[in-house]
1. Within segment 100-177, which helices (runs of 4 or more DSSP H) (wholly inside it) include 1 or more residues that are closer than 23 Å to Thr266 by Cα?
2. Given the conditions (1) within 25 Å of Val433 (Cα to Cα); (2) assigned to a helix (DSSP H, G or I); (3) touching a helix residue (DSSP H, G or I) at 6+ places or on another chain (Cβ under 9 Å), report the number of the one that Gly534 does not fulfil.
3. Restricting attention to segment 266-278, does a residue exist that is in contact with a Ser or Thr (Cβ under 8 Å, 6 or more places away or on another chain), more than 24 Å from Asn468 (Cβ to Cβ) and at pLDDT 90 or above?
4. Within segment 147-186, take every residue that is touching a strand residue (DSSP E or B) at 6+ places or on another chain (Cβ under 9 Å) and not small (Gly, Ala, Ser) and give me the one that is surrounded by the fewest Cβ atoms within 10 Å (Cβ to Cβ).
5. Would you pick out the residues in segment 342-395 that are among the aromatic types (Phe, Trp, Tyr) and either surrounded by fewer than 24 Cβ atoms within 10 Å (Cβ to Cβ) or part of a helix (DSSP H, G or I) (or both)?
6. Test each condition in (1) under 24 Å from Ala465 (Cβ atoms); (2) among the hydrophobic types (A, V, I, L, M, F, W, C); (3) in contact with a helix residue (DSSP H, G or I) (Cβ under 6 Å, 6 or more places away or on another chain); (4) free of Cβ contacts under 8 Å to residues at least 60 places away in the same chain for Leu132 and report the one that comes out false.
7. Just the residues that are within 17 Å of Ser463 (Cα to Cα), at pLDDT 90 or above and open to solvent by 10 Å² or more (accessible area, probe 1.4 Å), please, taken from segment 110-133.
8. If only one of Ala68, Ala55 is part of a helix (DSSP H, G or I), out of contact with any His (no Cβ under 7 Å at 6 or more places or on another chain) and open to solvent by less than 90 Å² (accessible area, probe 1.4 Å), which one is it?
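The values are calculated or read from the model by the stated rules, or taken from the named source; none is laboratory data. This one's a predicted model, so the numbers in the text were calculated from it and none came from an experiment. Here Cβ is always computed from backbone atoms with ideal geometry, including for glycine, and neighbour counts include all displayed protein chains. Just the protein is used for accessible areas: all its heavy atoms, side chains included, with ligands, DNA and RNA removed. Shrake-Rupley method; radii C 1.70, N 1.55, O 1.52, S 1.80 Å.
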Amino acid sequence: MSPALAGVLQLTALTAALALAYRPLGDYMAAVYASPKHLRIEKVIYRCIGANADAEMRWPAYLRGVLAFSAAGVLFLYLLQRVQGGLPLSLDFASISPDQAFNTAASFVTNTNWQSYSGEQAMGHVVQTAGLAVQNFVSAATGMAVAVALVRGFARSRTGDLGNFWADLVRGTIRVLVPIAVLGALVLVACGAVQNFSGIHEVGQFMGGAQQTNGGAVASQEVIKELGTNGGGYFNANSAHPFENPSAFTNLFEIFLILVIPFALTRTFGKLVGNVKQGYAILATMGVIWLGFTALMMWTESAHGGPALQAAGAAMEGKETRFGVGASSIFSVATTLTSTGAVDAFHSSFTAFGGGIQLLGMMLGELAPGGVGSGLYGMLVMAIIAVFIAGLMVGRTPEYLGKKIGTREIKLAACYLLITPTLVLGFAAASMVLPDALGSMLNTKALGAGSHGFSEVLYAYTSGANNNGSAFAGLNANTPWYNTTIGLAMLLGRFLPMVFVLALAGSLAEQQPVPQTAGTLRTEKPLFAGLLVGTILIITGLTYFPALALGPLAEGLS
């Protein structure tokens with residue numbers, strides 16, 4: 001079987017599995033967030049944290065809950081790393097340095113999972129399980145809660161109420177993420193993934209000699225790393241490591257885990273606003289971009305543009321032979337179009353244009369289908385921009401889901417769109433003029449000069465600000481400059497957009513719905529889905545094209 005055919009068959013099987021899960025999972029999540037009842041374990045949690053889960057919150061109170069919970073998570077995870085040397089099951093690893101502990105805490109709390117360390121050489125079992133794995137659950141649940149709050153903003157009228165953050169957080173964790181993660185972990189263990197608390201031991205190598213390795217609760221962390229679109233690997237090789245991702249089947253299963261909740265949330269959106277066709281329009285937009293990027297990546301990595309590629313049959317450098325080009329391309333697009341950041345191949349080893357596709361996928365805002373929760377609310381903000389553009393074209397006040405899109409709503413949506421490019425381009429520009437920052441480009445000469453060196457820096461800040469977490473391997477990011485600035489990019493790139501999303505949700509929830517007329521733009525039709533795709537691509541292209549031209553495009557054309 002040719003590599004191209006194998007890739008197409010895997011993509012077909014993946015699409016079929018996602019289609020089968022779409023309706024039941026989407027309906028289940030809608031029922032979870034709309035239910036007036038609390039489970040017994042949830043009531044215990046509410047008593048422990050002192051929360052009144054039945055109290056409605058307006059957007060400032062909801063935001064305070066998000067920020068307070070996240071700040072506590074950063075502090076706890078930072079302190080856990082700083083005292084690691086004195087913890088049991090630390091595998092004799094030293095405590096993490098202050099700048100790296102800050103970077104890692106910011107990374108996992110913001111659902112980015114950027115790692116400037118090798119997991120098997122730095123983090124003990126307690127930090128991995130009680131710190132990093134816990135944040136994989138709750139950071140994903142926080143993103144889902146904010147998305148549901150925005151959906152309620154469209155669904156409710158003249159109240160300003162967005163639900164209760166603590167109830168949404170706990171329900172998303174207990175009722176959605178934990179059950180799926182338990183089942184997924186059993187599948188991974190059955191297929192060969194590691195799940196233990198073993199210490200460090202030596203293993204022999206085929207070519208002679210030995211190397212040290214350790215086990216860990218790998219399968220349980222691997223499943224939530226993908227399901228919650230987190231991405232932080234137990235091992236430095238991430239999902240290319242056989243302990244995390246043993247076979248071609250587990251590779252495809254992990255891609256399914258990455259995509260299933262973000263896609264299914266469009267069904268949840270349609271159910272909660274009372275019009276499932278609106279969810280289908282958002283799903284179609286996400287699906288077109290995802291399939292288009294996947295096809296383009298598979299073609300780019302399979303093109304035989306040089307003697308090395310011709311001899312190997314494709315661009316095999318940095319890719320696992322047990323997966324091949326097709327599966328690696330599908331995995332790469334799935335992670336860079338979401339906020340996952342997991343890798344089953346080294347992204348820096350993809351072709352120049354392949355690396356550009358990865359960058360562009362993150363620059364879109366990771367909304368096709370995007371991160372758990374963040375993809376949906378990012379796409380809804382883009383939908384507001386699209387109806388505003390359509391309103392300008394026909395001279396009508398724009399409306400979306402029965403709510404008028406006025407000056408306040410457009411200002412909030414515009415602020416949301418401007419945050420990430422400001423962080424990415426600002427920090428990347430600063431890094432290109434600082435000698436210490438340039439010196440971190442390990443595989444380039446003359447203080448990192450060259451288009452690929454620039455791509456490494458641009459990729460790092462794009463990944464951080466968009467809460468992705470993947471990286472080009474040629475950049476040494478474990479320095480005070482990169483640990484601090486990427487940490488800031490992750491925090492600002494996560495929580496500033498949430499401020500504007502929740503303010504937008506509150507503004508919409510205060511409105512009285514307007515009746516649909518013959519002149520109302522039908523946002524459930526294919527025409528609107530096409531307009532939305534064009535809006536996303538044009539806005540991203542105008543914003544990032546100069547930077548892409550200096551990086552992957554220049555490298556690919558040289």
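1. Fully inside segment 100-177 and qualifying: 134-155, 165-171.
2. Looking at each condition in turn, Gly534 falls short on (1).
3. Yes - at least one qualifying residue is present in segment 266-278.
4. Thr159
5. Those that are among the aromatic types (Phe, Trp, Tyr) and either surrounded by fewer than 24 Cβ atoms within 10 Å (Cβ to Cβ) or part of a helix (DSSP H, G or I) (or both): Phe346, Phe353, Tyr377, Phe388.
6. Just one mismatch for Leu132, condition (4).
7. Of everything in segment 110-133, nothing turns out to be within 17 Å of Ser463 (Cα to Cα), at pLDDT 90 or above and open to solvent by 10 Å² or more (accessible area, probe 1.4 Å).
8. Of Ala68, Ala55, the one residue that is part of a helix (DSSP H, G or I), out of contact with any His (no Cβ under 7 Å at 6 or more places or on another chain) and open to solvent by less than 90 Å² (accessible area, probe 1.4 Å) is Ala68.
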